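Shown next, in structure tokens, is the structure this report addresses.
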Amino acid sequence: MDTQTGWAEVRERVIALVEDWYRTRGWGPPQHPVFEPVLTATEIAEVEAQYGIELPKEYRTFLAEVGAGGPGPEFELTSLRRVDGKWAWVWEDGDPIPLDPSEPFVETEEWADQQLATLRAAGCEPTTRDEDDDYLDDYRKVFGDAADRVWHEQRDRGAILISDNGCGMTSWLIIVGPHRGELRDRNVGTNPPYIPFADVHGNRHNFHTWYLEWLERSEREALGSWDDASDPQ
């Protein structure tokens with residue numbers, strides 16, 4: 001397995017950041033481990049075999065060198081765990097988050113075309129595209145009570161929910177497709193766009209650059225807040 005992709009000391013830096021955050025609030029040390037345990041090469045191979053995929057290198061090495069879950073943009077990463085004998089991503093102690101690797105992730109601008117193909121394959125000629133939900137009403141005519149589930153499963157296919165950012169905002173890691181390894185930001189709403197995460201130069205983030213940008217920003221913000229707290233003015 002490929003390692004050494006720039007994760008040196010990242011685990012220690014995050015743990016120090018969390019411990020300092022607790023200490024400045026007078027809470028003492030964290031009562032639970034900051035990170036989920038790292039995964040072995042065998043465990044990562046089991047994940048990839050179960051889903052028939054190869055995880056992006058930057059994320060695979062994070063699992064092996066840093067942890068299978070823990071702090072991250074913007075609150076916390078989803079954790080990769082065994083649930084009832086199968087590997088799945090989990091937010092806190094909620095239900096397993098599915099990954100459908102059967103087809104590539106569909107970018108926002110291509111999503112309506114994917115919906116049209118699905119509906120026509122089911123024998124339905126779509127009606128009028130809704131401004132907010134695209135062809136969700138047609139899905140409900142074709143798939144009945146299962147329509148919303150089918151619609152959302154297709155929309156997220158090929159990507160995993162990698163971080164829940166609160167208030168309905170989420171981050172996604174593309175696993176299948178031409179932009180494999182990139183991150184997408186999704187805001188609250190029924191059908192918000194998936195927007196690529198990019199750095200200040202407009203370069204699209206992979207998991208490594210996305211995580212390090214968050215860590216470096218968090219360290220700067222923490223230092224500033226601690227400096228302010230100690231300022232006698």
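The values are calculated or read from the model by the stated rules, or taken from the named source; none is laboratory data. Because the structure is predicted, anything quoted here is derived from the model rather than measured. Glycine also receives a Cβ, built like all others from the backbone with ideal geometry; neighbour counts cover every protein chain displayed. Ligands, DNA and RNA are excluded from the accessible area calculation, which covers all protein heavy atoms including side chains. Shrake-Rupley method; radii C 1.70, N 1.55, O 1.52, S 1.80 Å.
Observations on the model:
- Gained length - ARG120 relative to ASN191, 0.36 nm times residue gap less alpha-carbon distance: 23.5 nm
- Label point distance in nm, ILE53-ARG140, each placed 7 Å from Cα along Cα→Cβ: 3.0
- Here the extension length gained between ASP132 and HIS152 equals 5.8 nm, from 0.36 nm per residue of separation less the Cα-Cα distance.
- Interchain or long-range residues, amide H under 5 Å from LEU77's placed H: GLY70, GLY72
- Phi to ³J(HN,Hα) by Karplus 6.51 cos²θ - 1.76 cosθ + 1.60 over region 85-92, Hz, x for Gly, Pro: x, 10, 7, 7, 8, 9, 9, 6
- Per residue, the accessible area of region 29-101 comes to 49 Å², computed with a 1.4 Å probe over protein heavy atoms only.
- Accessible carbon and sulfur surface of the chain relative to its total accessible area, %, 1.4 Å: 49
- Extended-chain gain in nm, criterion 0.36 nm per residue less alpha-carbon gap, ALA16 and ALA198: 62.9 nm
- For region 1-67, chymotrypsin sites (Phe, Trp or Tyr not before Pro) meeting the loop criterion (DSSP other than H, G, I, E, B) and having at most 14 other Cβ atoms within 10 Å: TRP27.
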